[in-house]
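Peer 1: Sharing a structure below in structure tokens format, with a few things to ask.
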Amino acid sequence: MFKRLQSRLARSLVSLPEPALRKMAGKPLVVEGEALHPAFQVLFGLQKRAKRTPIEKLSLKRARREYETLSDILARPEPPAPRTRDLRVEGVPVRLHHPTPGRPAPLVVYLHGGGFVIGNLATHEAFCRRLSRTAGVAVAAVDYRLAPEHPFPAAADDCLAVVRGLRDGAKRFEIDPERVALAGDSAGGNLAAVCSQVLGRAGEGVRYQLLYYPATDASKPWPSIARFGDGFGLDKSLMDWFMDNYAGAADRTDPRLSPMKGELAASPPTRLVVGHFDPLRDEGLAYADALRDAGVEVEVVVPKDLVHAFVHATRLARVRALVDADALRLREVLRA
């Protein structure tokens, strides 16, 4: 009962107007000259006072349920697409949100975050619905296999198979195989970057990729992990738990795990979005620089007040405006 009350309180808080949140937050939390959004300042304060058990200390079942609860708290409910179908593509569960049933649409293949260990179709349902509606594209959300039951490179293999399977079945799925983009957040951003490189090398490149705070280099620690890896929504202990479960003893420089080490020139034009307060900020920005150096067209957006996993927080007008701008950029690229 207490946890349900906490969830209701948190949901109500993130729905408040920003001036009210600023008043509740008190003195702004400023790091490197930038102030954290008051909603996250309040939520992190509540979380600390509640002394909730860290996700990495929970059973797998509870950890996955906890992520679903958090997503539900932060996400604004969205109406379904005109047609939504649950499918299996190359044996992988896929939910296809289609804006124009009966007519082919551009396609965004969306790969969810969750450290390769948690996350599913439900955790990103509201976001994918909004993306499909705002961009005017079909969105295929991929329910790839999770670790530790299915360790590296199972997730990457699933996502790659789905992209190819959707293209091969373009007529049946009512999508345009020539207008395909990949998108994903966190671990999903990693998977999108990996798949984009593999497809590009094979002459099957996609038109565009949208990467939200992607994990790009597991081979070394980055300064932003030390700066923001405690108390900003994605702790280093959780990151280590994710990577240990997914990669185990695998070579951390394998480009299927660290796309920074891959064939960057095979990547499509890219929009990379990462918040100032995100532990993955520095490796994300370094990836953008490396793509540019390889001749790839790159747009970088750094929301100065946001944290890791902000795409869930569409109850905040600030986040809605941001993700809608990304969706409109996808629309522009895929409908050109």
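Readers should treat all values here as calculations from the given coordinates under stated rules, not as data from a laboratory. Keep in mind that this is a model prediction, so the values were computed, not measured. Note that we place each Cβ from the backbone using ideal geometry, even for glycine, and neighbour counts take in every protein chain shown.
Peer 1: So for each of 44-51, 261-268, 318-325 I average, over its residues, the number of other beta carbons within 10 Å; can you give me the resulting order with the highest mean first? All intermediate terms of the calculation are to be shown ahead of the outcome.
Peer 2: Details: 44-51: 12.4, 261-268: 19.5, 318-325: 16.5.
By packing density, highest mean first, the sequence is 261-268, 318-325, 44-51.
Peer 1: Now a separate question. Give me the one-decimal nm value for the distance between modelled label points at residue 320 and residue 335, 7 Å along each residue's Cα-to-Cβ direction.
Peer 2: Computed distance between label sites residue 320 and residue 335 equals 2.0 nm.
Peer 1: Give a residue-ordered list of calculated ³J(HN,Hα) values for segment 218-231 (Karplus: 6.51 cos²θ - 1.76 cosθ + 1.60, θ = phi - 60°; whole Hz; x for Gly, Pro).
Peer 2: 8, 7, 7, x, 10, x, 5, 5, 5, 6, 10, x, 8, x
Peer 1: So how tilted is helix 38-50 from the main axis of the chain? Cα-based, degrees 0 to 90, rounded to 10.
Peer 2: With rounding to tens, the tilt is 70 degrees.
Peer 1: How large is Rg over Rh for segment 181-229, taking Rg from the Cα atoms and Rh as the Kirkwood inverse mean of 1/r across Cα pairs? Mind showing how you got there, number by number?
Peer 2: Numbers: Rg = 12.6 Å, Rh = 11.6 Å.
Here the Rg-to-Rh quotient is 1.09.
Peer 1: Could I ask something else about it? Treating the angle as unsigned and between 0 and 90°, give the value, to the nearest 10°, between the Cα long axis of helix 2-14 and the longest Cα principal axis of the chain.
Peer 2: Around 80 degrees separate the two axes.
Peer 1: Taking all pairs of distinct Cα atoms, average 1/r, flip it, and tell me the Kirkwood hydrodynamic radius of the chain in Å to one decimal place.
Peer 2: Values: mean 1/r = 0.0502 Å⁻¹.
Mean inverse Cα-Cα distance, inverted, gives 19.9 Å.
Peer 1: Top mean-square fluctuation among 303, 38, 28, Gaussian network model of the chain, C-alpha springs under 10 Å?
Peer 2: The residue that fluctuates most here is 28.
Peer 1: Roughly how tilted is helix 187-201, in degrees to the nearest 10 and between 0 and 90, from the longest Cα axis of the chain?
Peer 2: Helix 187-201 sits at roughly 20 degrees to that axis.
Peer 1: Sorting 212, 246 on the 10 Å Cβ count, fewest up front, what's the list? Let's see the in-between values first.
Peer 2: Values: 212 28, 246 25.
Ranked by crowding around the Cβ, least crowded first: 246, 212.
Peer 1: What whole number of Å gives the distance from the Cα centroid of segment 10-54 to the Cα centroid of segment 130-191?
Peer 2: When both Cα centres are located, 33 Å separates them.
Peer 1: Ok, one more. Per-residue HN-Hα couplings for segment 300-305, Karplus 6.51 cos²θ - 1.76 cosθ + 1.60 at θ = phi - 60°, whole Hz, x for Gly and Pro?
Peer 2: Values, residue by residue: 10, 10, 10, x, 6, 10 Hz.
Peer 1: Something else about it: Can you tell me the FRET efficiency between residue 300 and residue 30 if r is taken as the Cβ-Cβ distance and R0 is 30 Å, rounded to the nearest 0.05?
Peer 2: On the way: r = 22 Å, r/R0 = 0.74.
With a Förster radius of 30 Å, E is 0.85.
Peer 1: List the residues whose amide H sits under 5 Å from the amide H of residue 178, counting only those 5 or more places along or on another chain, with H placed 1.01 Å from N in the peptide plane.
Peer 2: none
Peer 1: I need the peptides 82-88, 101-107 ranked by packing, meaning the mean over residues of other C-beta atoms within 10 angstrom, with the highest value on top.
Peer 2: Numbers: 82-88: 13.4, 101-107: 17.4.
For the peptides 82-88, 101-107, the packing ranking is 101-107, 82-88.
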